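Below is one structure, written out as structure tokens; comments come after it.
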Amino acid sequence: MKKKTRGTAPGTPKRRKSGVAEPKAASQRARRVKGPPVSAPRLSVAPNDAKLAIRRLRAELAQARTRIDELEASADTDFLLDIPNRRGFERELNRAVAYIKRYHATAALIVLDVDRLKPINDAFGHAAGDQVLKAIVAVLLRHVRSSDVIGRLGGDEFALLLWNLSETDARAKAASLEQAVDQLSFVFRGRSITAGASAGVAILGLHAEAGRALEEADSAMYVRKAQRRHEA
């Protein structure tokens, strides 16, 4: 009779006869013989060295913050005239509107445009135009208080934020600014030149909005500019 052979279940791999231990058993033996973990060596720092490093880092941080402040200020400042540019002035105007609404304060917004800057630039160059703009800013600064704000909206257009003025006072101030700029005289290539300016007014009250106030003052300025052309 033939010996019966033991069958295996379908799909069941045959057991290998080998003297090599299975990976799991090998890893378990390795863990049993593994020694205690070795910690990384610590670098000893003298207390004085640590203090010096902290001071150095604090100084570098202070310099970085100062540089950031300078860059932010330059982004809001007109590089030629050293007054707020449009972005800087609009920021101040928005702050003013918020203050007015909270504390029931009053202020006036004046938009002033130089009348004949383009002909000066065309005839005598932009250096002459820059000289005119600097002289006008100097005049405006002499006619406002330290709490007021003057900004350059762009090109030959300026804006003034004047605190605690009634509408009557604001219109009188706009007229005096026009007169002060009209009185400026420049000599380029032997020719005497005047520039002139036209100013429009908007009053900032409890319901004021910065953008709308600028539009209102700008529109009033163009109306005034047309009037001055007819007066000339």
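The values are calculated or read from the model by the stated rules, or taken from the named source; none is laboratory data. Just so we're clear, the structure is a prediction, and the values are computed from it rather than from any experiment. Neighbour counts run over all protein chains shown; Cβ positions are idealised from the backbone, glycine included. Heavy atoms of the whole protein, side chains included, go into the accessibility calculation; ligands, DNA and RNA do not. Shrake-Rupley method; radii C 1.70, N 1.55, O 1.52, S 1.80 Å.
Open to solvent by 30 Å² or more (accessible area, probe 1.4 Å) and modelled with pLDDT under 95: does that describe Ser176? If you could, list the steps in order and put the result at the bottom.
Numbers: open to solvent by 30 Å² or more (accessible area, probe 1.4 Å): yes; modelled with pLDDT under 95: no.
Criteria not met by Ser176.
Could you tell me whether Asp130 is acidic (Asp, Glu), within 25 Å of the chain's Cα centre (by Cα) and modelled with pLDDT of 95 or more? Judged against the criteria, Asp130 is a match. Of the residues making up the stretch 98-116, those that are open to solvent by 10 Å² or more (accessible area, probe 1.4 Å) and either out of contact with any Asp or Glu (no Cβ under 8 Å at 6 or more places or on another chain) or assigned to a helix (DSSP H, G or I) (or both) are Ala98, Tyr99, Lys101, Arg102, Tyr103, His104, Ala105, Thr106, Asp115, Arg116. So which residues in the stretch 163-189 are farther than 24 Å from Glu92 by Cα and not charged (D, E, K, R), if there are any at all? Scanning the stretch 163-189 gives Gln179, Ala180, Val181, Gln183, Leu184, Ser185, Phe186, Val187, Phe188. Would you mind stating whether Ser146 is part of a loop (DSSP other than H, G, I, E, B) and within 24 Å of Asp78 (Cβ to Cβ)? Spelling it out, Ser146 is indeed part of a loop (DSSP other than H, G, I, E, B) and within 24 Å of Asp78 (Cβ to Cβ).
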